[in-house]
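Worksheet for the structure shown next.
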Ligand SMILES: Nc1ncnc2c1ncn2[C@@H]1O[C@H](COP(=O)(O)OP(=O)(O)O)[C@@H](O)[C@H]1O
Ligand SMILES: [Mg+2]
């Protein structure tokens with residue numbers, strides 16, 4: 001990439017007075033051969049807020065992040081970060097962003113502390129300042145005890161935290177996190193959420209990609225849903241959940257012959273017809289915000305009809321539900337989801 005130029009410097013001065021949104025994306029397109037990864041994406045992220053970019057594997061999330069972080073040239077459209085154009089002012093953009101990616105930038109042979117100090121040096125911090133910053137970040141991400149062990153001995157959650165810490169060495173105004181919790185066990189995932197919430201409370205603008213509605217719900221002010229390179233919906237988590245009718249009561253009917261009876265028994269729980277998955281012997285009913293009272297009602301009705309069920313659960317809406325309701329197909333119809341995808345949040349009832 002080009003070294004900093006006078007234009008960049010001038011743009012930097014202009015951008016310092018930038019009053020617009022932290023991120024502006026207009027008509028962004030990018031193809032890889034016949035694969036149209038981005039087909040005209042538009043969105044804005046107000047400064048100091050969190051945008052959750054929600055979509056299944058292959059939706060175009062990483063491509064968008066790579067364009068916004070200047071790692072990839074778009075084919076068309078425009079993207080500005082704090083008023084700086086990612087194509088024409090890549091150095092000015094890089095100076096103000098942080099990126100923690102799906103593929104960690106951690107050097108495994110080095111200790112956690114060494115990893116952070118080296119990054120500080122790469123950002124031209126004096127040696128003492130790099131050391132102080134590394135210690136601060138290790139503390140903040142609860143890595144102090146492990147700081148002097150090689151990073152390869154870190155658990156998955158610790159490596160993610162180190163990766164995130166490394167993206168913060170330069171105190172970025174705008175931070176990009178590409179699926180920060182994919183592959184993490186549930187406890188590390190919640191730990192990561194805490195770390196991210198803490199960061200956001202300091203005023204950092206954050207763009208976060210995820211495959212999980214509950215994660216976007218936890219962390220994002222606004223969510224956009226992308227599918228095959230297009231934004232197919234946007235709003236707050238509440239708005240998206242309302243769109244899909246809220247909670248879902250779900251259960252298996254081991255006896256195939258009773259599947260239709262079971263669907264009929266629970267039909268009164270919702271205005272929408274229960275969905276029946278014959279292959280899996282599973283029934284799902286959308287019950288809005290009725291949650292646990294709907295579960296009790298379902299158990300009663302099924303019992304009254306003499307139907308045996310297995311694993312009756314109350315499920316909060318997932319990305320799959322959003323997809324089904326927006327596109328009529330499940331998120332899994334496209335590319336395969338990773339084998340290590342998270343279980344959904346469920347309240348086990350039976
Ligand atoms: N470097 C590349 N070369 C060819 N195809 C790519 C490349 N990067 C991404 N793709 C394709 O672009 C689409 C979007 O990918 P990606 O942005 O990685 O999606 P996501 O991050 O949402 O899983 C996918 O079909 C993917 O296979
Ligand atoms: Mg990705």
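The values are calculated or read from the model by the stated rules, or taken from the named source; none is laboratory data. It should be emphasised that the depicted structure is a prediction, and the values quoted were computed from it without experimental measurement. Ideal geometry is used to build each Cβ from the backbone, glycine not excepted, and the neighbour counts take in all protein chains shown.
Examine the stretch 99-106 for a residue that is surrounded by fewer than 23 Cβ atoms within 10 Å (Cβ to Cβ), more than 16 Å from ligand 1 (Cβ to nearest atom) and either without any contact (Cβ under 8 Å) to a residue 24 or more places away in the chain or in the same structural domain as residue 227 (by TED's automatic domain parsing) (or both), and state whether such a residue exists.
So far as the stretch 99-106 goes, yes, one or more of its residues are surrounded by fewer than 23 Cβ atoms within 10 Å (Cβ to Cβ), more than 16 Å from ligand 1 (Cβ to nearest atom) and either without any contact (Cβ under 8 Å) to a residue 24 or more places away in the chain or in the same structural domain as residue 227 (by TED's automatic domain parsing) (or both).
Free of Cβ contacts under 8 Å to residues at least 40 places away in the same chain and buried (at least 16 other Cβ atoms within 10 Å of the Cβ): which single residue out of 195, 174, 93, 169 fits that description?
Among 195, 174, 93, 169, only 93 is free of Cβ contacts under 8 Å to residues at least 40 places away in the same chain and buried (at least 16 other Cβ atoms within 10 Å of the Cβ).
For residue 66, all conditions in the list (1) within 16 Å of ligand 2 (Cβ to nearest atom); (2) without any contact (Cβ under 8 Å) to a residue 60 or more places away in the chain; (3) in contact with a strand residue (DSSP E or B) (Cβ under 6 Å, 6 or more places away or on another chain) hold save one; what is the number of the exception?
Failed condition: (3).
Which number in (1) more than 14 Å from ligand 2 (Cβ to nearest atom); (2) without any contact (Cβ under 8 Å) to a residue 40 or more places away in the chain; (3) buried (at least 17 other Cβ atoms within 10 Å of the Cβ) marks the one condition that residue 50 misses?
Of everything listed in (1) more than 14 Å from ligand 2 (Cβ to nearest atom); (2) without any contact (Cβ under 8 Å) to a residue 40 or more places away in the chain; (3) buried (at least 17 other Cβ atoms within 10 Å of the Cβ), residue 50 misses just condition (2).
Any residue at all in the stretch 73-89 that is within 16 Å of ligand 2 (Cβ to nearest atom), buried (at least 20 other Cβ atoms within 10 Å of the Cβ) and outside any helix (DSSP H, G or I)? Write out each step before concluding.
Step one: filter the stretch 73-89 for residues within 16 Å of ligand 2 (Cβ to nearest atom), giving none.
Checked the stretch 73-89: no residue is within 16 Å of ligand 2 (Cβ to nearest atom), buried (at least 20 other Cβ atoms within 10 Å of the Cβ) and outside any helix (DSSP H, G or I).
Here are 130, 134, 147: which of them is farther than 30 Å from residue 19 by Cα, touching a strand residue (DSSP E or B) at 6+ places or on another chain (Cβ under 9 Å), buried (at least 18 other Cβ atoms within 10 Å of the Cβ) and free of Cβ contacts under 8 Å to residues at least 40 places away in the same chain?
147
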